[in-house]
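J.: Below is a structure I'd like to ask you about.
The values are calculated or read from the model by the stated rules, or taken from the named source; none is laboratory data. Just so you know, these numbers come straight off a predicted model, no measurement behind them. Heads up, the Cβs are rebuilt from the backbone with ideal geometry, glycines too, and the neighbour counts pull from every protein chain shown.
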Amino acid sequence: MMKRNTAYSDPLERNERRERIIAMNRARRTRQLRNRMIAAVVFTFILVGVLSIAFGSILSQAKSNGEREEVKCFSSVMIGYGETVDSLVEEYYDEAHYTSYGSYKQEVMDINSIDENCNITPGNYIVLPYYTEL
């Protein structure tokens, strides 16, 4: 049997073959990188979608018995000429949420740091609590 000589006789032919192999390897690595990036983007979109659906369904669960939740809010009201703490408390007092007129007045005074003299200045603002349904 004859031994086959695989050595290239021409150095230019050998260099061309190496260059082709390098170019093919570079192209393969580029394809692999692109495919990995596409897979990462697709995975991210799927993950965001699943999490959005999961958290959205948790947050949007309605109360089964139809009860409405009431929350405490605060309103800033400009004090008009001739208005007093008592007149504002009378206007905004809600007996469904406070045990007495005095407890609501005391809360208004505490929120606004008003002393026992109940001195307020027209043109300033006073914060008044109220309740509303969600």
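J.: Could you say whether any residue in region 79-88 is among the β-branched types (Val, Ile, Thr) and exposed (fewer than 10 other Cβ atoms within 10 Å of the Cβ)?
T.: no
J.: Same structure again: How many of the residues making up region 104-118 are at pLDDT 90 or above and loosely packed, with under 13 Cβ neighbours inside 10 Å?
T.: 1
J.: Counting just the residues of region 67-100 that are in a strand (DSSP E or B) and of a type outside the set (Gly, Ala, Ser), which one comes out farthest from Glu116 (Cα to Cα)?
T.: The extreme case among them is Glu70.
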